[in-house]
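The values are calculated or read from the model by the stated rules, or taken from the named source; none is laboratory data. All of these numbers come straight from a predicted model, not from anything done at the bench. Note that each Cβ is placed from the backbone with ideal geometry, even for glycine, and that neighbours are counted across all protein chains shown. Protein only, heavy atoms only, side chains kept; ligands, DNA and RNA dropped before computing areas. Shrake-Rupley method; radii C 1.70, N 1.55, O 1.52, S 1.80 Å.
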Amino acid sequence: MKFAIAVFGAPYSSQASLSALHFAQAVTLAKHELYRVFFYHDGVLNGNNLMVPPQDELNLQNAWVEFAATSKSELVVCIASALRRGMLNAEETRRYEKTASSLDPAFIISGLGQLIDAGLQADRLVTFN
Amino acid sequence: MLLHTINQSPFSNFSLKSCEKFSAVGDAVVFLENGVYALVHPNLHLLIQADLNVFALQADILARGLQHSCPDTVKIISYPQFVELCVQYPKQKAW
Amino acid sequence: MNAASVPETDHEGFLRDRTDWNKTVAQQLADLDDIQLTQAHWQIIDIVRDYYSSYHISPVARVLVTLIKRQLGPDKGRSIYLMSLFPGKPAKLLARIAGLPKPSNCD
Amino acid sequence: MAMKKFLFVQTQPPHGSINGQEGLDAVLMGSAFTECAVLFLDDGIYQILSDQQTGPLNSKDYSVTYLALADYGVNNIYCCQTHLNERSLSTKDLILPVQALPEASIRRLFDEYDVILSF
């Protein structure tokens, strides 16, 4: 079965990201297809490659990147949500004349249409808010 | 058939009440994150009476020390079982 | 206003301060794409500015074409007409010239 | 297979968080793809209360953006009559025409739409 996951919560301030990560791992473990993980609202902050949690705590951004690498899953952040919250990749950093980029390259920056597409294409869209 | 997910504590949020109001016989409810505090909330039995299938995520229960307060009417599930529920129930309503 | 006093824009030609916008500035912004604003352009600019002022969003191209059709008739209410006046990416170009907020890339 | 229909559920009041505004963005985007409807539940109904004056707060007034839904082809807009009553509101207090439904009909909406996205 084809799954898609939407993550709406910021790392650490909400549990949404951690729950979604466990769920995503279970989806791929069960040999289901994971069509896309879409980050919206504060969920885009999961792509922040500047996060430095204490060493005895899970680094959620790293965990997502590792998950995406091993499962070959697509991580997509909503561009409008991301720009509003300062999650910029190199291209957007240039476009908005900023000095640093904050979005890990493992995360694809794209439009909200990718969330709608996930709802249309996947058999199941599961939201973690 | 709907799969309701509740991630907020019913002691500080209306999700449990809304879910009960807008559910139908045969729906499933999954408590996760702070939603697992529903296991010790006096209104939990309303969901059982309404013939809903009630589940709660084990990892969230354990993390909060609620493992000794789980009523028999609630099925404790793992993340893989949560995924399996999503297969059985085609639509999710996240409260 | 003389030609020297072009308000500050970003590297994509969007006004840094949208309150700097006026009809003279619009032509200066259009000059960056070698567009001479005609009455036909202004009809469209007026439509998007009115729309923004009423609804606080810029209409997406699909909706803009519908608005043009409703207000200017079926001959003009076609995306090819919009493209002929504002070639390339009409929604983005129009936002820039009409002094509306810079749209995010992937809309 | 028929195109899936989306139901967008607004549950948060405006300005206290950006959820409603970004939820509305999702509806507008969804309208480009498929049939979409909006349901206001609980405090979500306050998003479309008339006469919001956001100037002193310097917060964007997106309540008027709901008026654009018709141009975007979104014509099914619902709320819960009970939630209106609880807040001493009527549909006349709202910025756009909304169908107020009894609680039992809300459940039918959940059945009617294929994807439910809550904000």
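Restricting attention to the stretch C:73-107 and to residues that are more than 12 Å from every other protein chain (Cβ to nearest Cβ) and hydroxyl-bearing (Ser, Thr, Tyr), the residue that is least open to solvent (accessible area, probe 1.4 Å) turns out to be C:TYR81. Checking A:LEU58 against (1) hydrophobic (A, V, I, L, M, F, W, C); (2) open to solvent by 10 Å² or more (accessible area, probe 1.4 Å); (3) farther than 30 Å from C:PRO101 by Cα; (4) not in a loop (DSSP other than H, G, I, E, B): exactly one of these is not met. Which one? Result: A:LEU58 passes all but (4). Test C:THR19 against the stated conditions and say whether it is at pLDDT 95 or above, out of contact with any Phe, Trp or Tyr (no Cβ under 9 Å at 6 or more places or on another chain), part of a helix (DSSP H, G or I) and closer than 30 Å to A:THR93 by Cβ. Against the criterion (at pLDDT 95 or above, out of contact with any Phe, Trp or Tyr (no Cβ under 9 Å at 6 or more places or on another chain), part of a helix (DSSP H, G or I) and closer than 30 Å to A:THR93 by Cβ), C:THR19 qualifies. Checking each residue in the stretch D:55-66 for being in contact (Cβ under 8 Å) with a residue 12 or more places away in the chain, out of contact with any helix residue (DSSP H, G or I) (no Cβ under 8 Å at 6 or more places or on another chain) and under 19 Å from D:ASP25 (Cα atoms) picks out only D:SER59. Just to verify a result, which residue in the stretch B:43-78, among those that are within 14 Å of another protein chain (Cβ to nearest Cβ) and polar (S, T, N, Q), is surrounded by the fewest Cβ atoms within 10 Å (Cβ to Cβ)? Filtering first and then ranking leaves B:SER78. The lone criterion from (1) of a type outside the set (Asp, Glu); (2) within 22 Å of B:VAL30 (Cβ to Cβ); (3) in a loop (DSSP other than H, G, I, E, B); (4) open to solvent by 60 Å² or more (accessible area, probe 1.4 Å) left unmet by A:GLY9 is number (4). If you go through the stretch D:1-24 and keep only what is open to solvent by 10 Å² or more (accessible area, probe 1.4 Å) and either more than 22 Å from A:ARG124 (Cβ to Cβ) or modelled with pLDDT of 95 or more (or both), you end up with D:LYS4, D:LYS5, D:THR11, D:GLN12, D:PRO13, D:PRO14, D:HIS15, D:GLY16, D:SER17, D:ILE18, D:ASN19, D:GLN21. Scanning the stretch C:22-53 for residues that are assigned to a helix (DSSP H, G or I), hydroxyl-bearing (Ser, Thr, Tyr) and either open to solvent by less than 40 Å² (accessible area, probe 1.4 Å) or within 21 Å of C:GLN71 (Cα to Cα) (or both) returns C:TYR51, C:TYR52, C:SER53. Quick check, is A:SER17 touching a helix residue (DSSP H, G or I) at 6+ places or on another chain (Cβ under 6 Å) and either crowded, with 19+ Cβ neighbours inside 10 Å or farther than 21 Å from A:MET1 by Cα (or both)? Answer is yes for this residue. Would it be correct to say that B:PRO90 is open to solvent by 50 Å² or more (accessible area, probe 1.4 Å) and modelled with pLDDT of 95 or more? So B:PRO90 passes the test. C:ARG70 meets each of the listed conditions (1) open to solvent by 20 Å² or more (accessible area, probe 1.4 Å); (2) part of a helix (DSSP H, G or I); (3) away from every other protein chain (no Cβ under 12 Å) apart from (3). Given the condition within 11 Å of chain B (Cβ to nearest Cβ) and either of a type outside the set (Lys, Arg) or touching a strand residue (DSSP E or B) at 6+ places or on another chain (Cβ under 8 Å) (or both), answer yes or no: does some residue in the stretch A:31-45 qualify? Scanning the stretch A:31-45 turns up at least one residue that is within 11 Å of chain B (Cβ to nearest Cβ) and either of a type outside the set (Lys, Arg) or touching a strand residue (DSSP E or B) at 6+ places or on another chain (Cβ under 8 Å) (or both).
If you go through the stretch C:19-38 one residue at a time, do you hit one that is more than 13 Å from the chain's Cα centre (by Cα) and under 30 Å from D:TYR66 (Cα atoms)? Checking the stretch C:19-38: at least one residue is more than 13 Å from the chain's Cα centre (by Cα) and under 30 Å from D:TYR66 (Cα atoms). The set of residues from the stretch A:87-102 being open to solvent by 10 Å² or more (accessible area, probe 1.4 Å) and either over 19 Å from A:VAL65 (Cα atoms) or aliphatic (A, V, I, L, M) (or both) comprises A:LEU88, A:ALA90, A:GLU91, A:THR93, A:ARG94, A:ARG95, A:TYR96, A:GLU97, A:LYS98, A:THR99, A:ALA100.
Selection of the stretch A:20-55 for residues being open to solvent by 10 Å² or more (accessible area, probe 1.4 Å) and polar (S, T, N, Q) yields A:GLN25, A:THR28, A:ASN48, A:ASN49, A:GLN55.
Mind listing whichever residues of the stretch A:103-129 are in a strand (DSSP E or B) and either within 8 Å of another protein chain (Cβ to nearest Cβ) or of a type in the set (D, E, K, R) (or both)? So that I can check it myself, show each step before the final result.
The initial filter retains those residues of the stretch A:103-129 that are in a strand (DSSP E or B), namely A:103, A:107-110, A:124-128.
The answer is A:ILE109, A:SER110, A:ARG124, A:LEU125, A:VAL126, A:THR127, A:PHE128.
Taking B:GLN81, is it out of contact with any strand residue (DSSP E or B) (no Cβ under 6 Å at 6 or more places or on another chain), open to solvent by 40 Å² or more (accessible area, probe 1.4 Å) and either part of a loop (DSSP other than H, G, I, E, B) or among the basic types (Lys, Arg) (or both)? Even if it seems obvious, please write down each step before you answer.
Numbers: out of contact with any strand residue (DSSP E or B) (no Cβ under 6 Å at 6 or more places or on another chain): yes; open to solvent by 40 Å² or more (accessible area, probe 1.4 Å): yes; either part of a loop (DSSP other than H, G, I, E, B) or among the basic types (Lys, Arg) (or both): no.
No, not satisfied.
Within the stretch D:55-83, which residues are facing chain C (nearest Cβ under 9 Å) and open to solvent by 60 Å² or more (accessible area, probe 1.4 Å)? Listed by number, the residues that qualify are D:LYS60, D:LEU67. Against the conditions (1) open to solvent by 10 Å² or more (accessible area, probe 1.4 Å); (2) over 19 Å from D:THR82 (Cα atoms); (3) under 11 Å from the mean Cα position of the chain (by Cα), D:VAL27 satisfies every one except (1). All conditions but one from (1) surrounded by fewer than 19 Cβ atoms within 10 Å (Cβ to Cβ); (2) over 30 Å from A:SER81 (Cβ atoms); (3) in contact with a Ser or Thr (Cβ under 7 Å, 6 or more places away or on another chain) apply to D:ILE95; the one that does not is (2).
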